[in-house]
Structure formats: structure tokens, C-alpha cells
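> Let me begin by handing over the structure; questions about it come next.
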Amino acid sequence: MRKLYVISVILIFGMFHVFAKSDFRNGYIISIKNDTIYGLIDYRGNKANTKKCIFKKDVYSENQEFTPNDIKAYRFIDSKYYISKIVNSAENTDTLFLEYLIKGKVDMYYFFDGVQGHFLADKGEEKLIELKSIEKEVYTNATTYRIKSNQYVGILNYFFSESPSTLKKVEQVDLTQESLIKIAKVYHNDVCSNEECIIYQKVVPKVIIQYGPLIGFCQKTVSITKNSEIYKYLKNNQFNKEFNPYFGFFIKSNIPSLGENLFLQYEGTYSREDLRCQNSWVSIYNFRYVNDIKLTRNVLNNSFQLKYELTKGRVQPSFHLGGCVNYSFMTQYEQHYTIQDLSGRPLTHTSFYEYPFPNLDFGVKVGFGIVGKVFNDRSAYLDFSYMKSVGILMKLDANVFSLSLGVGIGK
């Protein structure tokens, strides 16, 4: 059984690697010779987009990988535009694909190095200057304060010096894509009336919250792992495999600031479990110990998971990873502990009826599924999940396979 659990987890992550590693979208590349070649470009994360462009002419062609030294630029149709630029820093000089935010009298660029984002500006002099906001610690009156040194404000004042009306707004500028694009557009429109600036930044979608009912069933295997003296009568017991239906609701929200494929989902479900286990063993004194346990409990399961969904097509694969908190209530516990001789004749018999475990349990959850549209374009999902109880408080080692169906009814 343990091998089955391991294989399931490996399979889930393997499928995630196969499906989620690429997301080709319509776009074009601009070659060193200024040729524009249309095709499909892999839509990847901010850091990966900075280092290379994976391109193919159509769905049947082989992938081609281009670095910032191989092509001048690439763009997704009606979306992000990346241009090859040499970036100088105190540590080194590197050629990167910078995200082109706005083209005008002052150009704005952005890239992410894996740790933080960087904004750069160019006033048409082919000289990139980074816009920085550095935090410093100041010690005053026996107290340490952290303040921001908004160095970028001085640079923007220099760039926009030809427009007094723009300079009045510089102090209100934040170091974000939206704020920098806005101020650069204001400046361009003020000093250049015969040519419009071009904004390449993709519009970030709004936060959308969906909710609806869900139903499902699970197979649960529970064993007792506590080895202390208090639990000595329970040691080595494994409950029967149990199929349990459950029902509840879900709430799901996109995370546009991190990516259009990422979602945060909460699921709250109720189920009733009837578990039973029986085991026996013979001691070195030739006594047989027989343990019979019946456990009935109502369980509220709360899971929080991060989901990755491919966005192309009417039905898309999805993958999720998260954690669970289970709460048990209205529990009924019955344990009969018997010592027999080898002929089976009972010598002593003891019964327990007090529930011996805490009511909270914690676990991790991983799985995959599909997302689609049903019932007049309502969002629906079907997820297969594996949940592993970590047994910090409960001391019950649970392995759960579940299949859930959820249908959105509102947003």
C-alpha cells in the first residue's frame, strides 16, 4: 500500500511537469536582421522570460530556443513585449530580455531576477538607468526606524524636467508598472503632440471570486501510530479501508498579481466515518492479546490549496497543492481488549468508551484534475487528490484518496 501512495504522488508531479511546463501562445520574434517571424511562443514566468524565448512556427514544428543575443525582441500578440537590452549593474553586465512597458519620450522597462523586480528608464539616449527605492535603518532616540530612500524620484525629476506639470506629480509616483506607465504617458502627451506613445504592458485581469457546492467520495486508510505507554493497547492497529461520501462548498479566487494560471481555493466538506479494526498478537508468555475497536465520527475538513490551471481550450488540466485541517465531533468510541490463553479461553476483558484522540488533525494535499464549462458556461472542476495526515496531534496516520466534483453558481 505504501508503494501505491508513493507512486500516486510521483504520478501527480510527473503530470504537472508534462502539462504545466509549456503554454504556447500566438506571437512573433524579431530577428537580428529585423525580420518579423510569426508563430507560437511559450508563455512562461517573469524570470524565465528574461533569459530565453522558446518559439516554434506552428504546433507541429520543433521548439527553437533563442537567447537575448540571438534575436532583437519577441512579443505575444496584444500582450507582453520583450526586447533585448544590455543591463549594467554594480556586479556585472548582462544581456537580457526586458519587458517593454511603454515607448515614448521616456521608455520604461521591467525585469525580474528571481528575487525582486527591477525597473529601468531610458530618455532616448540608449542608456538605461535603474529606478530604485532602497530601505535604510535609522537609529534615533534609542529606536531603530526603517525608512525608504526613494532615489527614483530624483531620476524621474531629471527625465521629466521639460514638463513642469509632470514634475508636480512625480512625488506621488510608486515604483510599480501601472504608476510608471501612467506618469510616462502624462509626460509624453505634454511634450509630444504629434506622436502617440505605445503601451505594451498587458492589462492585469481583475480578481474574480467563484463559489459553489461540491460533492465527492474518498477511500481512507487509518492506522494508529502513537507508541507511548498511554496508547499501548492501540499500537499496531490499522482500521479497515473505508469509502465515504462527502459534500460541502468551495470558494476560488484567481491571483492576477502572480499569474493568470494561478488560483487559491478553499474547500469545506462534511463526512461521517465508521471505522473498525481488530488485531491480535501472542506474548512471550504464550498469552494472546485481542484488540477490537469501533470508531464513528463526524468530520469537517477544511483545505486550502494553490491551483495551477492551463487556460487554453474549453477543458483544461489542473494541478493543486495545499494543506488540510480536519475537525472531528460527535465521536463514538468503543474498544474491547481481551487476554486469552492459547486455546482461546478469555482470561481478562476490558472495555473503553472514551474517545482517546484530540479532535484536530493536520495534513498535506496534492492532486490533479480538469476544469471546464457546463450548464450555460458555469465553471466546474473534477479533482483527484491524495491527502496525507501528518499526525501531529491526532496520532492517527491517515492516507486518503478522494474524487471531488464542484460546480460554480456565482462569482
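> Just a yes or no: is a residue in segment 321-331 surrounded by 14 or more Cβ atoms within 10 Å (Cβ to Cβ) and touching a Gly at 6+ places or on another chain (Cβ under 6 Å)?
Yes; the residues of segment 321-331 include at least one that is surrounded by 14 or more Cβ atoms within 10 Å (Cβ to Cβ) and touching a Gly at 6+ places or on another chain (Cβ under 6 Å).
> Select from segment 187-198 the residues that are within 11 Å of residue 105 (Cβ to Cβ) and β-branched (Val, Ile, Thr) and list them in ascending order.
The one that is within 11 Å of residue 105 (Cβ to Cβ) and β-branched (Val, Ile, Thr): 191.
> Look through segment 39-75, keep the residues that are touching a residue at least 60 places away in the same chain (Cβ under 8 Å) and surrounded by 15 or more Cβ atoms within 10 Å (Cβ to Cβ), and return whichever of them is farthest from residue 119 (Cα to Cα).
So the residue we want is 75.
> Within segment 236-292, count every residue that is in a strand (DSSP E or B), modelled with pLDDT under 80 and within 36 Å of the chain's Cα centre (by Cα).
Looking only at that region, the number is 4.
The values are calculated or read from the model by the stated rules, or taken from the named source; none is laboratory data. Just so we're clear, the structure is a prediction, and the values are computed from it rather than from any experiment. Neighbour counts run over all protein chains shown; Cβ positions are idealised from the backbone, glycine included.
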